[in-house]
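This report concerns only the one structure given below.
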Amino acid sequence: MTSQPTPPSAPARPLGPTAEYASLLTPEALGFLGDLVRRFRPGLTALLERRRQIQASYDAGERPHFLADTAALRAEPWTVAPIPAALADRRVEITGPVDAKMIINALNSGANVYMADFEDSSAPTWANMMSGQMNLREAVQGTLVFDDAARDKQYRLRDDAPLATLFVRPRGLHLPERHIDVDGAPAPGALVDFGLFFFHNARELLASGRAPYFYLPKLQSHLEARWYNEVFEYAQDRLGIPRGTIRATVLIETLPAAFEMHEILWELREHSAGLNCGRWDYIFSFIKTLRADPKAIVPDRALVTMTQPNMAAYSSLVIRTCHARGIHAMGGMAAQIPIKDDVARNEAAMAKVRQDKLREVQAGHDGTWVAHPGLIGLARDIFDANMPGPNQIARGREDVVVDAAALLAVPQGDRTEAGLRHNVRVGVQYLEAWLRGNGCVPLYDLMEDAATAEISRTQVWQWLRHGATIDGAPLTTARVRSILDDEMARIRGEVGDLRYERGRFPLARDLFESISTAEALEDFLTLPAYEHILSL
């Protein structure tokens, strides 16, 4: 796939309010964005259609597989471009949305990396996306301040210790930005997020000894990685920045991508910062990809842990692949949050984090993710004790042998009504918060983002679609609706009448029910939900 020549034409046109964002949406920035979209939107449209065609082949019985025509590439010895010194040690990374308080706290947190997230932990309202870009520009300049009037407290970037290295995660390739028009059609959200950040911050980062770094979500093939590589090349050329300045870590969080890790690294070899185990979206993708297979029904979500054979195989393959190519293999998220009012529950939660991070570092991961600053010290202690160097890329893990059957093994365990009810309760509450513009939500002692809601609703759909036995009886639509009624009453009791009435719970319930009981599985929950936040 090659990019198309860009004809002279008008800049991108904002359709949302612009007065507050005038310094961001300048004619120059909109011109850059318009050219970026015109050049790369046709290729993206083709890639999204290719996704649909490949999924149709899976629905017809074909299985994901390693590519025959790239077997020689997988067998050849090669490495990606050398790791920049600033990225050698990534042992603890924190992620979160792009509001000012989160950005300041994350950069100040003591983590090695902060991933500023325009994707799963941010609801893509116009205000969230544009204010997030403004906040990041001020953070890069070192001027970001947040005044918390409720606490009579001001938050500033620290000057007494190094800040975390900034990575930015743009939206997935499937999400549009309906507030920015290019030639009569919405701009892809991924290009808006990447383009505005890169245009406004790349030179500033380089002038201060830093560089633009990114996380790339939900890729499904090496062709999508090739598309991103071409975006990077064009953007760097357009701003007169050397190629290879950008570095990007790809989240392996779809089942098809697990079969193309070498190819993905090859396509991005000049710009690669490794791969990451996006475990929650990977579970969602496992269900979605194998949705037509009645033999691929997964157990309760809580049982699909990294110790399940398919998850362990996927994690091990990420490590072996990355280390063979001389780059980082990043571990997954610890979603737990400190529990201040219950010592026993907090100790149990922290024990799970310790066990998870110890498993990762002993397996060979070069770093890990946490969702809360309170977990940074714990994760760092475990990696410090077991990884004395900046990384363990030299540990090749030649012992790892993963075939297609291992990646496609169905997780084992029970399916229970308790698990079904938890899916409903978490899915509806997360969706309600998202519809109010909040994409990062603490629920039942975990920090949840869109991936959890995606697992919850696809699992309900899968169990219903195949009539899975739940506590002795096949699941029916009537039973799902009855459980929804029960859980809505429970949610109302938990949040209180006032909060319930002021929220968007009826809409969240309707959306969750409609997509969970539909004949066809919706690709992404956020696509129909996005239509309900366009005015925010």
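The values are calculated or read from the model by the stated rules, or taken from the named source; none is laboratory data. Source: prediction; values computed, not measured. Ideal geometry is used to build each Cβ from the backbone, glycine not excepted, and the neighbour counts take in all protein chains shown.
Restricted to strands (runs of 3 or more DSSP E) entirely inside the stretch 108-163, those with at least 1 residues that are buried (at least 22 other Cβ atoms within 10 Å of the Cβ) and either of a type in the set (A, V, I, L, M, F, W, C) or touching a helix residue (DSSP H, G or I) at 6+ places or on another chain (Cβ under 7 Å) (or both) are 113-117.
This table checks each residue for (1) under 25 Å from Ser456 (Cβ atoms); (2) in contact with a helix residue (DSSP H, G or I) (Cβ under 7 Å, 6 or more places away or on another chain).
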residue: Leu303; (1), (2): yes, no
residue: Thr307; (1), (2): yes, no
residue: Ala313; (1), (2): yes, yes
residue: Ser316; (1), (2): no, yes
residue: Cys322; (1), (2): no, no
residue: Gly326; (1), (2): no, no
residue: Ile339; (1), (2): yes, yes
residue: Asp342; (1), (2): yes, no
residue: Arg345; (1), (2): yes, no
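As for the stretch 81-102, it holds at least one residue that is out of contact with any strand residue (DSSP E or B) (no Cβ under 9 Å at 6 or more places or on another chain) and in contact (Cβ under 8 Å) with a residue 12 or more places away in the chain.
Going through (1) buried (at least 24 other Cβ atoms within 10 Å of the Cβ); (2) under 14 Å from Phe40 (Cβ atoms) one by one, Arg247 falls short only on (2).
Could you tell me whether Val410 is closer than 22 Å to His65 by Cα and either loosely packed, with under 15 Cβ neighbours inside 10 Å or modelled with pLDDT of 95 or more (or both)? For Val410, the condition - closer than 22 Å to His65 by Cα and either loosely packed, with under 15 Cβ neighbours inside 10 Å or modelled with pLDDT of 95 or more (or both) - is met.
Please indicate, with yes or no, whether at least one residue in the stretch 527-535 is surrounded by 15 or more Cβ atoms within 10 Å (Cβ to Cβ) and farther than 25 Å from Pro186 by Cβ. Among the residues of the stretch 527-535, not one is surrounded by 15 or more Cβ atoms within 10 Å (Cβ to Cβ) and farther than 25 Å from Pro186 by Cβ, which makes the answer no.
Applying the condition of being touching a helix residue (DSSP H, G or I) at 6+ places or on another chain (Cβ under 9 Å) and of a type in the set (A, V, I, L, M, F, W, C) to the stretch 76-97 and asking which residue is surrounded by the fewest Cβ atoms within 10 Å (Cβ to Cβ) yields Trp78.
With respect to (1) within 30 Å of Lys101 (Cβ to Cβ); (2) in the same structural domain as Val113 (by TED's automatic domain parsing); (3) in contact with a Ser or Thr (Cβ under 9 Å, 6 or more places away or on another chain), the lone exception for Leu446 is condition (2).
Of everything listed in (1) assigned to a loop (DSSP other than H, G, I, E, B); (2) more than 15 Å from the chain's Cα centre (by Cα); (3) basic (Lys, Arg), the single unmet condition for Lys218 is (2). Looking at Asp497, is it surrounded by fewer than 18 Cβ atoms within 10 Å (Cβ to Cβ), in contact with a Ser or Thr (Cβ under 8 Å, 6 or more places away or on another chain) and not polar (S, T, N, Q)? In short, no. Residue check: Asp523 meets all listed conditions (1) farther than 30 Å from Pro294 by Cα; (2) modelled with pLDDT of 95 or more; (3) acidic (Asp, Glu) but one, namely (1).
Of everything in the stretch 19-59, what is surrounded by fewer than 14 Cβ atoms within 10 Å (Cβ to Cβ), without any contact (Cβ under 8 Å) to a residue 12 or more places away in the chain and part of a loop (DSSP other than H, G, I, E, B)? Give them in sequence order. Result: Ala22, single match.
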